């Protein structure tokens, strides 16, 4: 296995950004990894017509769909994941809470953006 091969790197990113959004999205229904609604910006939570838990389940469905898109339409899916992660990070930064999570989300957004750009050059 040649790990310096661009195809290896692209596939590693593709499978990562397929699996992670699907797992995180599914966990929005179980809260095994964390209590997800704690990450909702209170300003947003205040205007929601439903509970934070319900909002996070909707988020979970979107994340699962995004993960599937990365697998089936990599460039589009990776672009959506990059934008999604950036939006989450900005929401956390605006509240100035969970800034460590925001930074990690921005790093993952850059990696997802990189996958989208790598996918420009393939097939």
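Only one of the listed residues (48, 44) is touching a residue at least 40 places away in the same chain (Cβ under 8 Å) and over 17 Å from the mean Cα position of the chain (by Cα). That residue is 44.
Residues checked against (1) at pLDDT below 95; (2) loosely packed, with under 12 Cβ neighbours inside 10 Å:
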{"position": "3", "(1), (2)": "yes, yes"}
{"position": "7", "(1), (2)": "yes, yes"}
{"position": "28", "(1), (2)": "no, no"}
{"position": "33", "(1), (2)": "no, yes"}
{"position": "61", "(1), (2)": "no, no"}
{"position": "69", "(1), (2)": "no, no"}
{"position": "73", "(1), (2)": "no, no"}
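Looking at segment 12-123, the helices (runs of 4 or more DSSP H) lying wholly inside it that each contain 3 or more residues that are closer than 30 Å to residue 2 by Cβ sit at 52-72, 74-95, 99-120. Of the residues that sit in segment 75-123 and are exposed (fewer than 15 other Cβ atoms within 10 Å of the Cβ) and farther than 29 Å from residue 42 by Cβ, which one is modelled with the lowest pLDDT? It comes out as 123. Got at least one residue in segment 45-52 being farther than 19 Å from residue 104 by Cα, surrounded by 15 or more Cβ atoms within 10 Å (Cβ to Cβ) and at pLDDT below 95? Checking segment 45-52: at least one residue is farther than 19 Å from residue 104 by Cα, surrounded by 15 or more Cβ atoms within 10 Å (Cβ to Cβ) and at pLDDT below 95.
The values are calculated or read from the model by the stated rules, or taken from the named source; none is laboratory data. Bear in mind that the values here come from a model prediction, so they are computed numbers and not experimental data. Every residue, glycine as well, gets a Cβ built from its backbone with ideal geometry; the counts of neighbours run over all protein chains shown.
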